[in-house]
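Some notes on the structure that comes next.
The values are calculated or read from the model by the stated rules, or taken from the named source; none is laboratory data. All figures in this text were calculated on a predicted structure; none of them were measured in a lab. Cβ placement follows ideal geometry from the backbone for every residue including glycine, while neighbour counts extend to all protein chains displayed.
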Amino acid sequence: MNIVEQIRERVEPRAKATILVVVTGDTPMNFVESAIELARLEDARILLVSLVSAKEEVPEEFYDFAKLEGLEGDPKTWYLTMLGEQTLRPFEKVLRERGVEFESIVEIGELSEILPTLTNVYRPTKVVLRAKDMVRPARWPFRRKIERLDSVNVPVTIVP
């Protein structure tokens with residue numbers, strides 16, 4: 001390493017790599033375990049994203065609860081955010097126990113809409129998704145639509 005590289009190394013420390021991991025309500029723990037191993041191999045931190053569909057039904061009782069508690073804003077957004085936070089809890093516990101550096105966020109929407117924005121904002125080095133999360137029902141019975149990720153500008157690892 002020459003003197004310029006040595007100085008640059010001291011002045012501009014490298015940011016830790018980030019692996020963006022998308023989880024949903026039915027994500028199994030072994031998926032996150034795989035992401036933890038990947039993060040360890042690459043000396044990366046994890047950005048854990050709970051993706052909640054905006055089409056998720058909100059129980060009528062929650063609207064009553066929101067009114068009674070005086071929650072500001074849209075009760076549906078509150079409910080979906082709480083649902084996403086609940087999804088994150090067991091995964092966060094495992095990440096803490098394993099000593100993995102991580103950050104958690106909840107996003108409401110569809111994968112193809114949210115993922116390009118997340119990759120532009122957080123600039124992860126890699127995205128890890130389940131194959132099941134890439135498929136969603138289409139309008140016709142017995143057909144499914146595969147999410148397009150053309151606008152994602154980082155490598156995507158799809159886990160079966």
Restricting the search to region 18-66, which residues are among the small types (Gly, Ala, Ser) and without any contact (Cβ under 8 Å) to a residue 40 or more places away in the chain?
-> 66
State yes or no: is residue 106 of a type in the set (A, V, I, L, M), part of a strand (DSSP E or B) and either in contact with a helix residue (DSSP H, G or I) (Cβ under 6 Å, 6 or more places away or on another chain) or over 21 Å from residue 157 (Cα atoms) (or both)?
-> yes
Can residue 33 be described as assigned to a helix (DSSP H, G or I) and either within 20 Å of residue 87 (Cβ to Cβ) or touching a His at 6+ places or on another chain (Cβ under 6 Å) (or both)?
-> yes
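Here is a yes/no grid of residues against (1) of a type in the set (Gly, Ala, Ser); (2) over 27 Å from residue 160 (Cβ atoms); (3) touching a Pro at 6+ places or on another chain (Cβ under 9 Å); (4) surrounded by 17 or more Cβ atoms within 10 Å (Cβ to Cβ):
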| position | (1), (2), (3), (4) |
| --- | --- |
| 19 | no, no, yes, yes |
| 23 | no, no, no, yes |
| 37 | no, no, no, no |
| 61 | no, yes, no, no |
| 69 | no, yes, no, no |
| 77 | no, yes, no, no |
| 105 | no, no, no, no |
| 111 | no, no, no, yes |
| 118 | no, no, yes, yes |
Taking only region 39-56 into account, find how many residues are among the hydroxyl-bearing types (Ser, Thr, Tyr) and not in a strand (DSSP E or B).
-> 1
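Restricting attention to region 57-74, does a residue exist that is within 20 Å of residue 130 (Cβ to Cβ), assigned to a helix (DSSP H, G or I) and of a type in the set (A, V, I, L, M, F, W, C)?
Within region 57-74, the first condition is being within 20 Å of residue 130 (Cβ to Cβ), and the residues that meet it are none.
Within region 57-74 (the criterion being within 20 Å of residue 130 (Cβ to Cβ), assigned to a helix (DSSP H, G or I) and of a type in the set (A, V, I, L, M, F, W, C)), the answer is no, since none of the residues qualifies.
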So is residue 75 at pLDDT 90 or above and within 17 Å of residue 26 (Cβ to Cβ) or not?
-> no
